[in-house]
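The values are calculated or read from the model by the stated rules, or taken from the named source; none is laboratory data. Fair warning: this is a prediction, and the values are worked out from it, not measured in the lab. Cβ: placed from backbone, ideal geometry, glycine included. Neighbour counts: every protein chain shown.
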Amino acid sequence: MTCGYTDGASALFRGLYEQWGHILAAIYRFDERIMMDLFIKGGVLMYPIGFCSVVTVAIGLERFWALQRNRIIPSREVRDIETLVDSGKIMPALERCRASGSAYAQIVASVLQNVGERRGVIKEAVQEVGREEVVHMEQYLTFLGTIALIAPLLGLLGTVLGMIKVFTVISGQGVGDPAVLASGISEALMTTAAGLSVAIPSLILHRHFERRVDQFAVELEQSALRIVENIKSGN
């Protein structure tokens, strides 16, 4: 009896090995037909996981474009505005800021609009505009964080539902052919693999963009302080 159990377990693991070898080979070759077949076999929860993957790619591309340095702190714009401020041309510098849509220009404009006010008033104005710009830079990052959280849960749910189906069949028909059982388990595990494949890139992108926003926030604050010091030294 022990020998029969061992043979059955060996056949089961051999079947799982063959199934996942086939899956990994398809992923490596990016065989569209096989990939679509695997997607369908993964069950209904593959659809929300697939949707999450599309959203992750879309947000990733959009944030890579939006969080470019030349869109947040354009070096040429920084030189032009600081040159105007150093020359005492406050109004032309303010007009230059208003004509730009960069975060740097908005922060500096909040300083220039309050020239002559107490340092506390200027600081409060900079912080208010800074918070608005940070919110703008963090746009859609909440979605990335949410996807990183729910994608593996969706995958786990799909696997649990798939395993329930497998064991329901076993309880009704017995173990039968281990190869068929291995195929059913492989399909049940498909959603977990898919969920992790979406969650890991989402988490990496979320952390990367959050770090980038934090760096920009520090640089913007330093730029505002430099403008204040330039104005004070000019007076």
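Numbers for the structure displayed
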quantity: Residue in region 96-109 that is modelled with pLDDT of 85 or more and loosely packed, with under 14 Cβ neighbours inside 10 Å present; calculated: yes
quantity: Residues satisfying the stated conditions in region 112-136, i.e. loosely packed, with under 11 Cβ neighbours inside 10 Å, assigned to a helix (DSSP H, G or I) and at pLDDT below 85; calculated: R119, G120
quantity: Answer residue from region 198-223, given it is modelled with pLDDT under 90 and out of contact with any Phe, Trp or Tyr (no Cβ under 9 Å at 6 or more places or on another chain) and is surrounded by the fewest Cβ atoms within 10 Å (Cβ to Cβ) among those; calculated: Q222
quantity: Residues (of a type outside the set (A, V, I, L, M, F, W, C) and part of a helix (DSSP H, G or I)) located in region 71-91; calculated: R71, S75, R76, E77, R79, D80, E82, T83, D86
quantity: Criterion: aliphatic (A, V, I, L, M), modelled with pLDDT under 75 and crowded, with 20+ Cβ neighbours inside 10 Å - qualifying residue of A151, A182; calculated: A182
quantity: Count of residues meeting criterion [over 19 Å from the mean Cα position of the chain (by Cα), without any contact (Cβ under 8 Å) to a residue 40 or more places away in the chain and more than 12 Å from G101 (Cα to Cα)] in region 59-79; calculated: 3
quantity: Condition met for I40 (β-branched (V, I, T), assigned to a helix (DSSP H, G or I), over 25 Å from the mean Cα position of the chain (by Cα) and at pLDDT below 90); calculated: yes
quantity: Residues satisfying the stated conditions in region 92-105, i.e. assigned to a helix (DSSP H, G or I) and under 26 Å from the mean Cα position of the chain (by Cα); calculated: A103, Y104
